[in-house]
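For reference, the structure discussed in these notes is given below.
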Amino acid sequence: MIRKQGKARWTYECAICEVHVTAPDQFRAIEACHRHEKTAEHAFKMIGKALQPVVDRYMQFFKSLLPIVEQFQKDYALVPPSSLPHDPTMLRDRRKWGGR
């Protein structure tokens, strides 16, 4: 936004990037506006502001799934394997598994 604030005092303000440029005439304020809007910082902030609602929705969705995933991990995914061998003859070995 370009505004005249007083005699020989024109300002350009970018609300997204919080940039304030003061110039002595309107032409230089317009040039400052164009220089700023060509920067990568301004472009990325515009894209970020446009995509922020989508990111918020995804965060809400994944936060709602978090308790379900944690319960699944407790019940199934992170259960340590039993230390008993597959071979029943190994169970008789008292040195490691206690035997009978």
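The values are calculated or read from the model by the stated rules, or taken from the named source; none is laboratory data. Keep in mind it's a predicted model, so treat the numbers as computed, not measured. Heads up, the Cβs are rebuilt from the backbone with ideal geometry, glycines too, and the neighbour counts pull from every protein chain shown. Ligands, DNA and RNA are excluded from the accessible area calculation, which covers all protein heavy atoms including side chains. Shrake-Rupley method; radii C 1.70, N 1.55, O 1.52, S 1.80 Å.
Would you pick out the residues in region 59-89 that are part of a helix (DSSP H, G or I) and modelled with pLDDT under 75?
Scanning region 59-89 gives a single hit, Ala77.
Would you check if Gln60 is under 27 Å from the mean Cα position of the chain (by Cα) and open to solvent by 90 Å² or more (accessible area, probe 1.4 Å)?
Yes, satisfied.
So if I check each of Val54, Val69, which one is among the β-branched types (Val, Ile, Thr), more than 17 Å from Glu18 (Cα to Cα) and surrounded by 10 or more Cβ atoms within 10 Å (Cβ to Cβ)?
Details: Val54 fails: surrounded by 10 or more Cβ atoms within 10 Å (Cβ to Cβ).
That would be Val69, the only listed residue that is among the β-branched types (Val, Ile, Thr), more than 17 Å from Glu18 (Cα to Cα) and surrounded by 10 or more Cβ atoms within 10 Å (Cβ to Cβ).
Could we say that Ala43 is at negative phi, touching a strand residue (DSSP E or B) at 6+ places or on another chain (Cβ under 6 Å) and in a helix (DSSP H, G or I) here?
So Ala43 does not fit the description; no.
Identify the single condition in (1) modelled with pLDDT under 95; (2) among the hydrophobic types (A, V, I, L, M, F, W, C); (3) out of contact with any His (no Cβ under 6 Å at 6 or more places or on another chain) that Cys17 does not satisfy, given that it satisfies every other one.
(3)
Determine which member of the set Ala8, Ala23, Ala32, Ala15 is free of Cβ contacts under 8 Å to residues at least 24 places away in the same chain and within 29 Å of the chain's Cα centre (by Cα).
After applying the criteria, what remains is Ala15.
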